Structures are given as C-alpha cells and as structure tokens.
Amino acid sequence: MKIINNIKAIDVHIHFGKGSNSYKTQTHELIKSMDCLNIEWGIGSSLESLVGNYIEGNNFALKQVLQYKDRLKAYLVINPNYIDDMQNYIEKNFSSNGFVGLKLHTDMHGHSPMSEEVCKIYDYASKYNLPVLSHNFGSYDIAGKIATMFPNLIMIMAHGTSRIKLPNTKSEIQSVKALAQSIKNREHFYIDTATSVVPYGANELFAEIFGTERILFGSDMGFLDPAFSIARIYGGEFSEQQKQSILRENAKQLFGL
Amino acid sequence: MKVNMKIFDCNVSYGFEIMPAAKKFEFVKDLIADMDKHNILKAMVYNCEGKQNLSCFSNLKLSENIKSYKDRLCAVYCFRPNIGTEMYTPAQWEQSIKDNDIKGIYFYPNDYQFDVDLLGSYFQVFNSMKLPVFVEFAAGFGFAYKIDFSALHKFLSKYTNTPFILTNAGMMNDFEIFRLSELHNNFYLELSGFQGNMALEEYVSRFGSERLLFGSRAPFFSPVPMIGKIHYSKLKASDKENICYNNMQRLVDEVNYENHQ
C-alpha cells in the first residue's frame, strides 16, 4: 500500500543551521526534505540563536528566509537576558517581512517561563499580536496561568504532546484536561507536534482533549528528522479532515500563509 | 500505517503496567492486533513486568503466553538479579533459556548496575550462546542516563560473540554511537530513538546497514514513526530490507545453545 502525502503541509517548528547530532542541515537540504515530504512552508529559528549569539542567529535565519521567500518564514528568538532594547530590536527585524513570530527557549536561557523578563516579552507580544512559540511554557498548570494572565497572547506550546510523562499517570491526564478547560473559551492557544518522544496515541489524545483546531504540525526539522513527525500524523488515528487541519489549515489561518 | 515492507520489530513488550500509558498491550493478543494493523510480521517481545520487579515470574509466563504465536513472536527474557529465586545463578538462567527457546536478554539497569565484572558470569553464558543482549539506555532531555558508555565499551571488548543491541538511544549520543560502531563489530543499534535530522542516512553512509534494527518500543511508542522514516528515506532497498527484517532474523538464526566457548 502506498503512503500518499497528499496535503501541502505547513511545518511550524523547524531549525536553520547546524546543530550537534543532525546532518544535511544546509538550508537547501532542508528544502529537499520538505519537497520529499510535501511540506510547502517551514517556519523556524536558527539553532545558533538558541544556543549561542541570538543576534547572529536571527540574522542567519533571516538570510535563509529571504533566499527561499516562497518556502520559509522565521521566528525571532528573544533571549530574556537581553531585553533592554527589545522593542527596537523586534521592530527593526519585523520590518524585513521575514519574521512571523517570536521564539523563546526559557530553559536554555536560564529563566522560568514566568520570570519578570519573560513576562515582559509576553506582554509585548500580546500588544502586537505576535505568536510566541515557546519551547517550554512550564507545566500544564503554569501554561494555564500564563494563558490567564495574558489572555490575548498567541501561545504555541512547542513539543506539547511529549510533555505528558511516560508512562502517563492519571494525575497527568487531569492536568492536561484542566489546561484544556481553562483555555476552552480562549482563542489562540496551540500545541505543536515536534518531538522525538510522543507516547503512542498522545497526538490523538491531545486532539481529542484540546480540539483538532489547536494542534499544529511541527517536526523540529533540522534538529530532528521530519519523517518521524509527519508519519505520526499520516499514520495516526485521524480522519482526513483532521489531518488537513493539523498539517495545514490551522497554521495557514494562524500565519496567513 | 501499512507499507510494502517485511518488518521484524526488535523491541516490543506486553504485560501489566503499574502505571499504564495511553496505549497498553496487557495481553499478547493486544500486541498481535497492533502488529497486524501495521503489517509487522515478527517481533522480539518481553514481558514488561520484568522491568518493574523480579523478572523470574514474568519471564516464566512469557513462553506460555506467546506459544500460540511462535511463528510471529520471539521470546526475550528481562534480566534482573532475582536474588533468592530459582532464576538467580548463571546456570539457572542458562537452563531456563534453553528450555524456553529464548532468543534475547533485555537489560533495564534502572536500579542495578550494568557492571561488566560483577555480572560477568551471566554475560559469559549469554556470550557462549551468541544470545542478543538488549540494553535500554534512555538518555536525552529529561531522562537520566542509566548506563555509561565506558561500561558498554568494556562489555563489547570482552564479549565479542554477543550481539549487543543498544535501545532507546540517539539524539545527543551520536559521537558515542558512532565510536562504538567503529570499534566493535558486535555493536547494534535499535533505531527508535535515533531521530536526528538525516542521522540514519549518515550512519548507513559510514557503517552500512547490517547493524541497524527496526525497533518501535511499542506500546510506549507507536511503530508508525519508524515505519514512516524507513518508507520516506532514500536508502537503497537492500538497506531498508536489512534494517526492517534481515538483520534481526539473522541474529535470531545465529543463537546456538550448544556453542560453548
């Protein structure tokens, strides 16, 4: 039986540049992978901006996006240790039309997801309708608190479906359901699927608990091999309509692609 | 997800989980149903209860549990010290392995040390039979290392007849995995955790495909991502066949209970 990737997917979580333990990460190689898997758009951040100089990393990301204008978009990585001139920095970079949101990696940058500095970033993003893809909004409880404190913040919880521990405990499921309940009437809370450690059935479980419209396809391409993540959707227990939503329509609506 | 490939999954389990995950195979028939769903022809299977407590009880249930599926399932014992039971001495392990047609040993050194010297008398038995030894590594973000690579290197150097299969590894351990592959012909890698961007292709380009094994870690993880990766990759058909089936079948065929060294 043939597997047909019949949906032009949008991958909301990719990485530019070389990281450890990943190969063929030059941007033209990423584009080849995208072609192979029928991924039309990739939205990403540079690995350097997460683990090194965020300014140089963001410049690198922009360069890739400008080279592949009809395939790539980028997140501007903000390091919460360097936010004195945040507003000017964001405005200057967003004028290039290559960036579509902000990326945070609070763990890597030594902050809690609710530190004073990080909250300033949420505040700014809320005011200017900038989606924030965060590697970690904390536990499900903390993510719920952030969602309540910043009701207009467009939140994308990266690796969301892997945050459930292995094995899933009943108390963990309760936290997930509590978060789903707290954001039920809130717009713009999303979970991406980028991860290597999704428990069997977790993507489907999250789609059921949060609603398919809140699940965004992400692969961590450039760091992880995208074939694993896209196979989880095509081979998962989803209807064709759900696959369409997760792989394309939700992100298309969010990012206006 | 069904594809046109023969698949021998080297890493699946069944049994009663004290903390069940979203998916579980409490009984062997649940495992078989999932294998059928994904067109997985054969599997190396252990009883997960052996990871949680004394493994002797679950090991002894294993052969009985899978006897109706002997053409599809190969039995793997979980190793634990099992002090004070009838499955404690190396001789007792050896006899039980032979009596029950066991084709592998699974180590999950969560609360005991994978010490090459202290466990040497057991390793000698397994080595003499060329019995595949699976070791669960479980490293990476949020997971503690259960074992260090120097112990693996020592084991591989000493027990060269043993096919050593590292499971749940990859992602941040490529250097060690490549180095062990370079130094030891009896080092094998179960691929479920090896998910770095194009890492599989990189490995094959350096070392070939003969020591790579399709593994899912079902029921904790779905076999679908692994099936998808193999399907989508640009590896040669012969490499895919090696990874998906031939390599594990070869290791099973080479187990020899009478080959004492």
Checklist entry - What is the mean number of Cβ atoms from other protein chains located within 10 Å of the Cβ atom of each residue in peptide B:214-220, rounded to a whole number? => result 2
Checklist entry - Which percent, nearest 5, of DSSP beta bridges in the protein assembly as shown are antiparallel? => result 5
Checklist entry - For segment A:184-233, what's the radius of gyration and Dmax over Cα atoms, in angstrom? => result 11.4, 35
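Roughly how big is the B-A contact, given as buried accessible area in Å² (both sides, 1.4 Å probe, nearest 100)? All intermediate terms of the calculation are to be shown ahead of the outcome.
Working: alone 11890 and 12150 Å², together 20670 Å².
Interface between B and A: roughly 3400 Å².
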Item to check | Size of charge dipole - the protein assembly as shown - debye, nearest 20, with Cβ of Lys, Arg +1 and Asp, Glu -1, no other charges | outcome: 920
Checklist entry - On average, how many beta carbons from a partner chain sit within 10 Å of the beta carbon of a residue in A:187-199? => result 3
Checklist entry - What lysines could a cross-link reach from A:Lys69, if we take a straight Cα to Cα line under 17 Å and drop same-chain neighbours fewer than 8 places away? => result A:Lys8, A:Lys32, A:Lys252
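Going through the cross-link list A:Lys243/B:Lys236; A:Lys177/B:Lys51; A:Lys145/B:Lys24; A:Lys177/A:Lys243; B:Lys24/B:Lys234; B:Lys29/B:Lys234, which pairs have a Cα-Cα distance over 26 Å in this structure? Provide the component values of the computation, followed by the final result.
Numbers: A:Lys243/B:Lys236 29 Å; A:Lys177/B:Lys51 30 Å; A:Lys145/B:Lys24 32 Å; A:Lys177/A:Lys243 22 Å; B:Lys24/B:Lys234 33 Å; B:Lys29/B:Lys234 34 Å.
Checking Cα-Cα distances, A:Lys243/B:Lys236; A:Lys177/B:Lys51; A:Lys145/B:Lys24; B:Lys24/B:Lys234; B:Lys29/B:Lys234 exceed 26 Å.
Under the Kirkwood approximation applied to all pairs of distinct alpha-carbon atoms, what is the hydrodynamic radius of the protein assembly as shown in Å?
Details: mean 1/r = 0.0418 Å⁻¹.
Value: 23.9 Å, from the Cα pair sum.
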Checklist entry - What does the accessible area per residue of segment B:136-261 come to in Å², with a 1.4 Å probe and no ligands, DNA or RNA counted? => result 37
Checklist entry - Cα gyration tensor of segment B:206-255, axes a ≥ b ≥ c as square roots of the eigenvalues: rounded (a/c below 1.5), prolate (a/b > b/c) or oblate? => result oblate
Checklist entry - Assuming R0 = 45 Å, what is the FRET efficiency of B:Tyr257 and B:Lys234, from their Cβ-Cβ distance, to the nearest 0.05? => result 0.65
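When the accessible area of chain A is computed with all protein chains present and a 1.4 Å probe, what percentage of it is carbon and sulfur? Walk me through the numbers on the way to the answer.
Details: 5060 of 10410 Å².
That fraction is 49 percent.
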Checklist entry - Using a Förster distance of 45 Å, how high is the FRET efficiency between B:Ser121 and A:Asp85, based on the Cβ-Cβ distance and rounded to 0.05? => result 0.10
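First compute the accessible area of segment B:8-254 with a 1.4 Å probe, then give the percent of it belonging to carbon and sulfur atoms.
Numbers: 4820 of 9270 Å².
Looking at segment B:8-254 in its full context, I get 52 percent from C and S.
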Checklist entry - Computed FRET efficiency, Cβ-Cβ of B:Ala91 and B:Lys37, R0 51 Å: what is it to the nearest 0.05? => result 0.80
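Please go through segment B:6-105 and write out the GluC sites (Glu not before Pro) that DSSP classes as loop and that have at most 11 other C-beta atoms within 10 Å. Don't skip to the end; give the middle numbers.
Values: sites: B:Glu17, B:Glu26, B:Glu49, B:Glu64, B:Glu86, B:Glu94; in loops: B:Glu17, B:Glu26, B:Glu86.
Here the GluC sites (Glu not before Pro) that fit, given the DSSP loop and packing criteria, are B:Glu86.
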Checklist entry - Average partner chain C-beta neighbours within 10 Å, per residue of B:18-31? => result 3
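Antiparallel DSSP bridges in chain B: what percent, to the nearest 5?
On the way: 1 of 26 bridges.
Roughly 5 percent of the DSSP beta bridges within chain B come out antiparallel.
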Checklist outcome for this item: Using alpha-carbon positions, the gyration tensor of chain A gives root eigenvalues a ≥ b ≥ c; with a/c under 1.5 called rounded, otherwise prolate if a/b exceeds b/c, else oblate, the class is oblate
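Put B:Phe164, B:Phe207 in order of accessible area, largest first, 1.4 Å probe: what do you get?
Working: B:Phe164 0, B:Phe207 50 Å².
From most accessible down to least: B:Phe207, B:Phe164.
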Checklist outcome for this item: Dimensionless Rg/Rh of segment B:8-254, both radii on Cα and Rh by Kirkwood, sits at 0.93
Checklist outcome for this item: Probe 1.4 Å, all chains present, heavy atoms only: B:His153 accessible area in Å², nearest 10, is 80
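Roll a 1.4 Å probe over the protein chains and send me the accessible area per residue for segment A:9-255 in Å².
On a per-residue basis, 39 Å².
The values are calculated or read from the model by the stated rules, or taken from the named source; none is laboratory data. This structure is a prediction, so every number in the text was calculated from the model and none was measured. All Cβ positions, even for glycine, are placed from backbone atoms using ideal geometry, and neighbour counts span all protein chains on display. These accessible areas exclude ligands, DNA and RNA; they are computed on the full protein's heavy atoms, side chains included. Shrake-Rupley method; radii C 1.70, N 1.55, O 1.52, S 1.80 Å.
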